[in-house]
Structures are given as C-alpha cells and as structure tokens.
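Below is one structure, written out as structure tokens; the observations come after it.
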Amino acid sequence: MSPSGRPQPLSLVFLLGMGMASERINCPSRCSCQYLEVNCTGQQLQEFPAAIPLDTRQLILAANNVSYLPAVELSFLADLVYLDCRKNLLGDDLDFTFIGVAKLVYLDLSFNNLTHVTFSTFSHLLSLVVLKISDNPNLVAIEKDAFANNTWLRHLDVSRTGLKFLDTSTIRDLPNLRFLGLSDNLWHCNCSFLDFITWMTESNVLFPDADNITCYTPEGLRALKMPAVEAQLHFNCLTQLHKQDYIFLCLIGFCIFFAGTVAAWLAGVCAVVYAVHTSKEEEEEEEEDDTVT
C-alpha cells in the first residue's frame, strides 16, 4: 500500500484475481457464467443446477435431462427475465412453479413433455412477452383462462402439440398478441371450432407457417387449410340440418299439433257446457213466466 492509500499494482492484480476466482466459484458446476448470465446448455444435467448466482438475469438450461423445476430455488432468482428450458424432460406438473419469478419476460418450454396448461401455470408471470410451448406432443389441453393474467404476451407458439381445440377467448383476450404459432396440430374442425377459425381470419395476428395450419379431423376436412375450412363449416353448421335437428323439429311440430288439438277440445267442451248452462237458464225463466201467468 502506498502512502497515498492506493494499492500497489501487484495488489490490484491480486484483488482482481480474487474477484474472478470468486465469480468462478459462484458458477454452477458444468455451466459457464458471464455477467448476469448462466449457460448450462447440453451438459446432461439431471436436476436443476445448484448455486446459481442470485443476481442472474438470464438462465439457459437447454438440451439437458431436467424433469423438474423447483419453485423454491427459482424464487431465489427474483431478477430473472430470461429462462430457456427447451429440450428437457419437464412433465405436466408446472402449476405454481414460476410464482417467484414475476419479472420473467421470455420463457421457452418447447420440446418437453407438457400435457396441459392451467390458469395456475403462468398466472404469476405478469410481465411475460414471449412464451414457447411448441413441440410438446403430449400437450392436449389449454384451459380457457390459462393466459388471463399474461396481458403483455406478444409471442405465443403452440405448434406441433397434441392440441385438438383452443377456445377463442383464450387468445382473443390478449391485447398485445402479434405472433401465434398453430401449425401441425391435431385440430378437430367441427362446429365448435368455427368461432376460432373466424377469429383467425379477422384478426391482425401473424400466423407463421400458415400453410401447415390444417384440420386433422373429421376425415372429410383433413389437410384443409383454415380459410377454406371456414367456408365449409359455415355451410355445414349454419345452413344444413343434421339428423338430430330433423328429429327435434318433428318433436316440436308434434308438440305444437298436440297442444293445438287439446286446446281445441277444451274450447269445444267449454262451449258445450256454456250452451247447456244457457239453455237450462232459459227453460227455468220460461217456467217461471208460465207460473206467474
């Protein structure tokens, strides 16, 4: 130390070395760390890495074998804004997993084993802008209000999953949505899906790979693209009557006929009763007149 209080050059080197060593010590095993970033890509990790620096903003766990994200450990990373978990083994139970990372803006869960998305899955991610849950072949259900709290969501990708149906309100109520991936799913294009297809054709949302947004069932509409499907469903659902519709109309007609017949019979009975009652009164009046005379 010099009389001025400044450290000598060797001391500076020593202090810098200690700082770098400290940084290396705080980096999780088999991961590389830079300023506010931890990258563990392709390290065959079986579990969520331990000892992640608490000030981490970007965490990349892509291409590993992680099957579970611990909510408690994640909650320690309160400043996390970017989380990439693509190509792992994450399963169906992600409810309340992200409760402690409310600042998260980017989340990639593609190429995993998700089976369903509920309101509790992403409801705490109020700042979420990009969500990728594509390439989850076992994903068969997204609840109607699953994204109700994700009003900043701009990019959503659910391509190449097991989805057959998506309620229109699930997507329509996202005011900032600009990009929606829907290709190569098992869409069941029945009358219940018509509202969603109509919304697609009228919205300002961009649908990438639109040529592969096609029907999977029923057989008569398989591989048909959405604009053509809309016209076909409008014709099938709004103009044509199915067998059960004819049966319903026949039942309604029979009920109306039966009700009319019963009403006419009751009216006739009432008329006869009234006529009989009136004739009796007239006879009684005539008898009274004869008696007086």
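Normalised size of segment 55-134, defined as Cα radius of gyration per 2.2 N^0.38 Å with N residues, equals 0.97.
Calculated accessible area for segment 75-228 comes out at 44 Å² per residue, all protein chains present (probe 1.4 Å; ligands, DNA, RNA ignored). Packing order of peptides 68-78, 85-95, 125-135, highest average first: 125-135, 85-95, 68-78 (average count of other Cβ atoms within 10 Å over each peptide's residues). Positive contributions from Lys and Arg (+1) and negative ones from Asp and Glu (-1), summed over other residues with Cβ under 13 Å from the Cβ of residue 228, come out at 0. For residue 141, the residues 5 or more places off, or on other chains, whose built amide H falls under 5 Å of its own are 117.
Each residue of segment 94-111 is assigned a 3J(HN,Hα), and the resulting list reads 10, 4, 6, 5, 9, 5, x, 10, 5, 7, 4, 10, 10, 9, 10, 10, 5, 6 Hz, derived from the Karplus form 6.51 cos²θ - 1.76 cosθ + 1.60 (θ = phi - 60°), x at Gly and Pro. Note on segment 93-241: Rg/Rh from C-alpha atoms, Kirkwood Rh, equals 0.98. Lys/Arg Cβ at +1, Asp/Glu Cβ at -1, dipole of segment 129-177 taken about the Cα centre: which of 136, 151, 168 is farthest positive-ward? So the residue furthest toward the plus end is 136.
The values are calculated or read from the model by the stated rules, or taken from the named source; none is laboratory data. Keep in mind that what you see is a predicted model, and the values were worked out from it rather than measured. Cβ coordinates were reconstructed from backbone atoms using ideal geometry, including for glycine residues, and neighbour counts include every protein chain displayed. Surface areas here come from the heavy atoms of the whole protein model, side chains and all, with no ligands, DNA or RNA. Shrake-Rupley method; radii C 1.70, N 1.55, O 1.52, S 1.80 Å.
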